[in-house]
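Asks: I'd like to ask some things about the structure below.
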2 protein chains.
Amino acid sequence: METVNTTDRLRQLRALMKQHKVDIYIVPSEDAHSSEYIAPTDARREFISGFSGSAGTAVITHDKAALATDGRYFNQASKQLDNNWELLKQGLQDVPTWQEWAVDQAAPGDGKEGKVVGVDPTTIAAPDGRKLGDKIKKKGGKELVGVAENLVDQVWDKQKPARPNEPVKVLGQEHAGKKYQDKIEDLRKELDKKKAAGFVVSMLDEIAWLFNLRGNDIPYNPVFFSYAVVTPTTTILYIDESKFEGNVKAHLMGINIRPYDAIFSDIRTMSKDEPSANGTSNSASTPKRKYLISTRASWALSQALGGDEKVDEVRSPIGDAKAIKNSTELEGMRQCHIRDGAALIEFFAWLEDELINKHSKLDEVQAADKLEQIRSNHDKFVGLSFDTISSTGANAAVIHYKPEPGNCSTIDPAKVYLCDSGAQFLDGTTDTTRTLHFGEPTAMEREAYTLVLKGHIALELAVFPKGTSGFALDTLARQYLWSNGLEYRHGTGHGVGSYLNVHEGPIGIGTRIQYSEVPLSVGNVISNEPGYYEDGNFGIRIENIIMVKEIETKHKFGDKPYLGFEHVTMVPMCRKLIDVEMLERRERQWLNAYHSEVLEKTKRFFKEDQRSMGWLERECARY
Amino acid sequence: METVNTTDRLRQLRALMKQHKVDIYIVPSEDAHSSEYIAPTDARREFISGFSGSAGTAVITHDKAALATDGRYFNQASKQLDNNWELLKQGLQDVPTWQEWAVDQAAPGDGKEGKVVGVDPTTIAAPDGRKLGDKIKKKGGKELVGVAENLVDQVWDKQKPARPNEPVKVLGQEHAGKKYQDKIEDLRKELDKKKAAGFVVSMLDEIAWLFNLRGNDIPYNPVFFSYAVVTPTTTILYIDESKFEGNVKAHLMGINIRPYDAIFSDIRTMSKDEPSANGTSNSASTPKRKYLISTRASWALSQALGGDEKVDEVRSPIGDAKAIKNSTELEGMRQCHIRDGAALIEFFAWLEDELINKHSKLDEVQAADKLEQIRSNHDKFVGLSFDTISSTGANAAVIHYKPEPGNCSTIDPAKVYLCDSGAQFLDGTTDTTRTLHFGEPTAMEREAYTLVLKGHIALELAVFPKGTSGFALDTLARQYLWSNGLEYRHGTGHGVGSYLNVHEGPIGIGTRIQYSEVPLSVGNVISNEPGYYEDGNFGIRIENIIMVKEIETKHKFGDKPYLGFEHVTMVPMCRKLIDVEMLERRERQWLNAYHSEVLEKTKRFFKEDQRSMGWLERECARY
């Protein structure tokens, strides 16, 4: 993690700002699709600031530059930023948010004129842009303007990596489970209900899901750069056709294919042709219809469609549909998690053997690489679903730890080892965390592990009426930690894609208020990952993927279905870290049943692998 | 419950509507202070429609009239409404809300001109008025206008009861625990933080709390008709001075007293004198300040202050402060609940004796009257805190059941008896529900009671970090019912006033999203009342009042305090209805400890009352 000299880059950027009459320029982390992970070509904030973390925003004035990021990255940012930059530690008291900082810069006060703030409108979500613009004006700044050409790209110029153009393939019916034509028909029913002119699809995973296509343009996410527009009568996919591989062209028969870059001019025309939603059409009988975009669609899309008058921002109906997996996808999830579990079992058995019997010195990256190699031998493996968190001792307390080759710790067999990893398979996406100990855990480590396990079990055993959200269930996972004065500072569960992004909305289990807006439904796939982290000491996390299903209850009040969970992750819990005395009867029953199931479903992989089989049988022994 | 002939009233109202150029007139339930309970003089919706339920809105056009109410009142409304009225059953599918109905009436379509909707602006909250006005315009209606004179009052005229003018008394420091001058100083600090010109106080319980005064203008609520204005330098109380009793005048030394009706003209002037919040003042150096009103303040108040430009609607800082009881109030709550518990114990022992030993025929109202009489013998008793719910068998399944004299059921000793009641004492407000059985409960009744009890105990034993809301805890009370396919359709807890309204915000435990916005804090007093209701058969509810306190936990992650609850209600649970086999160890421990405490704290009341003492000892025996 080296400091980057940004003096020259900033000088060039400021010259361009002058040219475009912009006093303050904002560089968000996001690409044009609000992607959580981005391709190198979209890493503009990293290029201009030198800070390479996954989250952060740069704000540049003619004489200052600020980089805002959160607690995960305070250390890294202070190392990577040079003297040109001020670090805004988000979440600390009395530190302004980047929005507040930008608004302050835009309002010089003392009777001076307000300043112009610029941003590439493809890199900021429409509601965020609108809110920021309102604040700037309210506090005495001039305005927020969308600058169509990205100014950082112009500085970057020749050094800038090209936009990826990886192949796009058809996801067969045996994995998708539903024809894309039927998905589009379902979407049209939603458009009809909402009396909408059409839906402009901007999220890359939504497009991949909608058309049953997968790509490889963004690390870990099998998506491809594209937009789509679905109206009651037409479907247009905006994509570079040179990406098509195999039978994609035939698969998309009847779909209008247009170049990726054509989206903005196309929707500008489309929207003009649509009679205004506010009744300024020529004929009174023409229906008043708006285009729908997702609340995460860019300001640029909203503007191209004609702004508020012409656009409704909604929680994406595709996101909602995608979160409810069909039976093929659910079965794929079960199957890929058995293979993935077998890989983890083989890896943990190998790691224990290396550390304890062979006294090997292994660092965190070497372990992660071994795990990837084992995983890659399994059927239908495509790649990892995110950077493996392979962490020893105190590193396990860093919730988003990412070991760097040559700059990571050697695994200490006398400390906990936390491994959070997952893969993309053709039949599903996995995400599993296990915390292990190869020596003698401390009393506190066992206590914390067992409290986390109790919360994990309580959430999985929860039964709840249809209509209940993940917000309402979150406390179940935390209750035992809380009773002992312990807590974890992250959510309990995130939606998981089906051979798609490992994090997907709109569902979640946690204290974020948006999780209260979407009830959990049969077919949802979500993680269950409580934890506990002691800074500088150790970290615990136990993560299974669980799927929402209907539960047969003894009674049935109000003829409403009652729902619960089915686990698909197949990896034993850590015997050494469980204090079985702290478990109640139903928890012990759960644990025994889980371990029998794991053993039953994965043992076929170890017929000729005594090390793994021995480890598995030992860890799965009955309590 | 008789049908009221409203033909003549409606004819007169419609004539007045014509005079005021109003096509559609809305009559809400609320008084000018958004009170949950209202005085007879404010029962305008009841007068015009004939429907006497606590919730409902009437909408009258020149040829139609609609009354909207919720599921609790479908039966009652259909009996009370005459042929002039259409009943809008709120919550049923395909039934419009009263807002939708009014908006539809205002937008005739077919090129016809939109219509004018009128409402007395004192009877609708400002945000509700604004939302309704926007919808009317958006859908093609003309506009929503505030009609200053209440048109129903003009029809009602001489028959209309006078506004109550009950005495107002000082609540002594020994009960209030904090001088009102200090409360006003605290409020000024909030005004200062928010750079506000002042706070216009509209909620009656907030005024009573702020000035340490109590009145009797509204049934069950010891409040008095008034407004108040607090600015950084002045305090004005708008009240009819003829209400003052004893030392009120001296108590209020230094407070500017003005007539109740003077509020609107006063704030109109005040607001004009305040430089505009949007900088249209003459001098640039004058601070830009707005007046604060509660989000439940009336549209009339907001208008008088000059509307959006001059007003910020906020969650009331007084409501927030009031919800955090001081140590005197907390101790008062403990003490009044011991006396109130003794009254309930005496009542239940009497009732059992009457029904079982004396085979008396008692109806629900007779039982409630006896309970009131017993309560009234206790120290510091002022009155009831709400209509007693005294209900036998299937009536117990009606969540808001109110037995009517001469028209209620005889208590059946072979069925459950549910009693939800409370009182106002000088030192606090009580609210207790117990469900009893005097004969042989069915298996289902015992199972349901025990599941409700398990949830009640789980909520009380909850430990949670500071910052946790009642929304996050609600599931703890429901989890055991849910696991068995059972559920209750009401909240789990409401804030309770200190010798004030039995329902008070802003805290609550339940699924309403606003409960997620306010964390529970040390000093909050709240009910814990899970239940289960089987239509036409039986109902169960177990309600204690609990207070938030800091808990010493084994560990303490993040140096954040961990909070939990202390119960103050002192009445045994029903032995016959508990299936002790369904209880876990910690639940049995809780029950035994609770019963010992109830016995210890209430037995002094029964030294010469063998019946009560015998009943108490039997119910409190150890498991």
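Asks: Rounded, prolate or oblate for the range B:1-152? Axes are the square roots of the Cα gyration tensor eigenvalues, ordered a ≥ b ≥ c, and the cut-off for rounded is a/c under 1.5.
Replies: Values: a/c = 1.38, a/b = 1.32, b/c = 1.05.
Note, shape of the range B:1-152 comes out rounded.
Asks: Once you list every other residue whose beta carbon is under 12 Å from the beta carbon of B:Glu445, what net charge do they have if Lys and Arg are +1 and Asp and Glu are -1?
Replies: Every neighbour counted, the sum reads -1.
Asks: Averaging sequence separations of C-alpha pairs under 8 Å and six or more residues apart, then dividing by the length of the range B:266-417, give the relative contact order as a whole percent.
Replies: On the way: 143 pairs, mean separation 23.9, N = 152.
Reported relative contact order: 16 percent.
Asks: Using θ = phi - 60° and the Karplus form 6.51 cos²θ - 1.76 cosθ + 1.60, what ³J(HN,Hα) does each residue of the range A:113-123 get, whole Hz, x for Gly and Pro?
Replies: Taking θ as phi minus 60°, the curve returns 6, x, 9, 9, 9, x, 7, 5, x, 7, 9 Hz for the range A:113-123.
Asks: A:Ile356: accessible area at probe 1.4 Å, nearest 10 Å²?
Replies: Probe radius 1.4 Å; accessible area of A:Ile356 about 60 Å².
Asks: With every protein chain present, what accessible area does A:His378 have (1.4 Å probe, heavy atoms only), rounded to the nearest 10 Å²?
Replies: The value for A:His378 is about 30 Å².
Asks: Place the label 7 angstrom along Cα→C-beta at A:Gly254 and in each other copy, then list the distances from the first to the rest in nm, shortest first.
Replies: Distances between equivalent label points, in nm: 8.2.
Asks: Measuring label to label, 7 Å along Cα→Cβ, what does A:Asp609 give against each other copy in nm, shortest first?
Replies: 7.4
Asks: Can you give me the convex hull volume of the Cα atoms of the range A:358-411, divided per residue and expressed in Å³?
Replies: Per residue, the Cα convex hull of the range A:358-411 comes to 88 Å³.
Asks: Around A:Ile124, which amide H atoms from residues at least 5 apart in sequence, or from another chain, sit under 5 Å from its own amide H, with H modelled in the peptide plane?
Replies: A:Trp299, A:Ala300
Asks: Same structure again: Counting only protein chains, not ligands or nucleic acids, how are A:Met582, A:Met547 ordered by accessible area (probe 1.4 Å), most first?
Replies: Working: A:Met582 50, A:Met547 5 Å².
Largest to smallest exposure gives the sequence A:Met582, A:Met547.
Asks: For the range A:166-235, divide the Cα radius of gyration by the Kirkwood radius and give the resulting Rg/Rh value with two decimals.
Replies: Dividing the radius of gyration by the Kirkwood radius yields 1.00.
Asks: Continuing with the same structure: Apply the Karplus curve 6.51 cos²θ - 1.76 cosθ + 1.60, θ = phi - 60°, to the phi angles in the range B:351-356 and return the couplings in whole Hz, x for Gly and Pro.
Replies: Rounded to whole hertz, the list is 4, 4, 4, 4, 6, 8.
Asks: 7 Å along Cα→Cβ for the label point: how many nanometres lie between B:Tyr623 and each equivalent label in the other copies, listed shortest first?
Replies: Copy-to-copy label distances for B:Tyr623: 2.4 nm.
Asks: Past the 18 angstrom mark, what percentage of all C-alpha to C-alpha distances in the range A:455-612 do you count?
Replies: That fraction is 64 percent.
Asks: Which three semi-axes in whole Å describe the equivalent ellipsoid of the protein assembly as shown, each the square root of 5 times a Cα gyration tensor eigenvalue, listed largest first?
Replies: So the equivalent ellipsoid measures 53, 42, 31 Å along its semi-axes.
Asks: Under a 5 Å amide H to amide H cut-off, with H placed in plane at 1.01 Å, what residues pair with B:Gly118 once short-range neighbours are removed?
Replies: Those qualifying (amide H under 5 Å, at least 5 residues apart or on another chain) are B:Asp23, B:Ile24, B:Tyr25, B:Ile26, B:Val145.
Asks: Oh, and also: If each Cα of the range B:554-623 is one equal point scatterer, what is log10 of I(q)/I(0) from the Debye formula at q = 0.27 Å⁻¹?
Replies: Debye intensities relative to I(0), on a log10 scale: -1.24.
Asks: Still on this model: Over chain A, what is the mean sequence separation of C-alpha contacts under 8 Å (at least six apart), divided by residue count, expressed as relative contact order in percent?
Replies: Computed value for chain A: 10 percent relative contact order.
Asks: Let me ask something else about it. With the solvent-accessible surface defined on protein heavy atoms using a 1.4 Å probe, which residues belonging to the range A:542-556 display a reduction of at least 40 Å² in accessible area in the multichain context relative to the isolated chain?
Replies: A:Lys554, A:His555
Asks: Roughly how many Å² of A:Arg163 are accessible to a 1.4 Å probe, to the nearest 10?
Replies: Ignoring ligands and nucleic acids, A:Arg163 comes out at about 90 Å².
Asks: Put B:Ile255, B:Ile48 in order of accessible area, largest first, 1.4 Å probe: what do you get?
Replies: B:Ile255, B:Ile48
Asks: Please list, in order along the range A:170-176, the HN-Hα scalar couplings obtained from phi with the Karplus expression 6.51 cos²θ - 1.76 cosθ + 1.60 (θ = phi - 60°), rounded to whole Hz, x for Gly and Pro.
Replies: Karplus-based 3J(HN,Hα) across the range A:170-176 equals 7, 8, x, 4, 5, 10, 6 Hz.
Asks: For the protein assembly as shown, give the magnitude of the charge dipole about the Cα centre (Cβ charges: +1 Lys/Arg, -1 Asp/Glu; no others), in debye to the nearest 20.
Replies: For this selection, approximately 1480 debye.
Asks: Would you kindly calculate the translational diffusion coefficient of the range B:494-555, applying Stokes-Einstein with the Kirkwood radius from alpha carbon pairs, for 20 °C and a viscosity of 1.002 mPa s, and quote it in µm² s⁻¹ without decimals?
Replies: 159
Asks: Enter the angle in degrees (range 0 to 90, nearest 10) between the Cα long axis of helix B:610-619 and the first principal axis of the Cα atoms of chain B, meaning the one along which they spread out most.
Replies: With rounding to tens, the tilt is 90 degrees.
Asks: Still on this structure: Treating only the Cα positions of chain B as identical point scatterers, give the base-10 log of I(q)/I(0) from the Debye formula at each q in 0.08, 0.13 Å⁻¹.
Replies: Normalising to I(0) and taking log10 leaves -0.63, -1.51.
Asks: On average, how much accessible surface per residue is there in chain B, in Å², for a 1.4 Å probe, leaving out ligands, DNA and RNA?
Replies: Accessible area per residue: 41 Å².
Asks: If you don't mind, another one. Lys/Arg Cβ at +1, Asp/Glu Cβ at -1, dipole of the protein assembly as shown taken about the Cα centre: which of A:Ile545, B:Phe438, A:Phe264 is farthest positive-ward?
Replies: The one lying farthest along the dipole's positive direction is A:Phe264.
Asks: Using amide H atoms built 1.01 Å from N in the peptide plane, name the residues 5+ places from A:His503, or on other chains, whose amide H lies under 5 Å from its own.
Replies: Under 5 Å from the amide H of A:His503: A:Gly497.
Asks: Same structure again: Which of B:Lys178/B:Lys290; B:Lys179/B:Lys322; B:Lys325/B:Lys549; A:Lys89/A:Lys135 have a Cα-Cα distance over 23 Å?
Replies: Details: B:Lys178/B:Lys290 28 Å; B:Lys179/B:Lys322 13 Å; B:Lys325/B:Lys549 11 Å; A:Lys89/A:Lys135 21 Å.
From the list (B:Lys178/B:Lys290; B:Lys179/B:Lys322; B:Lys325/B:Lys549; A:Lys89/A:Lys135), the Cα-Cα distance tops 23 Å for B:Lys178/B:Lys290.
Asks: Hey, if we sort A:Val229, B:Val95 by accessible area with the 1.4 Å probe, largest down, what's the order?
Replies: Working: A:Val229 0, B:Val95 45 Å².
Putting A:Val229, B:Val95 in descending order of accessible area: B:Val95, A:Val229.
Asks: State the dimensionless ratio Rg/Rh of the range B:298-430 (Rg: radius of gyration of Cα atoms; Rh: Kirkwood radius).
Replies: 1.16
Asks: Principal axis extents for the range B:136-294, Cα atoms only, whole Å, descending order, please.
Replies: Rounded to whole Å, the extents work out to 49, 47, 25 Å.
Asks: Also, I was wondering about something else. Suppose every Lys and Arg Cβ carries +1 and every Asp and Glu Cβ carries -1, with no other charges. What dipole size does chain B come out with about its Cα centre, to the nearest 20 debye?
Replies: So the dipole magnitude of chain B works out to roughly 1300 debye.
Asks: Expressed as a rounded percentage, what relative contact order does the range A:1-129 have, with Cα pairs under 8 Å and six or more residues apart?
Replies: Values: 209 pairs, mean separation 39.5, N = 129.
Rounded, it is 31 percent for the range A:1-129.
Asks: What quantity of accessible surface, computed with a 1.4 Å probe and excluding non-protein components, is buried in total between chains A and B, in Å² to the nearest 100?
Replies: The contact between B and A buries close to 2800 Å².
Asks: Separate question: Measure off, as a whole percent, the carbon and sulfur share of the 1.4 Å-probe accessible area of the protein assembly as shown, all protein chains present.
Replies: Within the protein assembly as shown, the accessible surface is 46 percent carbon and sulfur.
The values are calculated or read from the model by the stated rules, or taken from the named source; none is laboratory data. Here the structure is a predicted model, which is why all the values come from computation and not from measurement. Cβ coordinates were reconstructed from backbone atoms using ideal geometry, including for glycine residues, and neighbour counts include every protein chain displayed. Note: accessible area is taken over every heavy atom of the protein model, side chains too, but ligands, DNA and RNA are not part of it. Shrake-Rupley method; radii C 1.70, N 1.55, O 1.52, S 1.80 Å.
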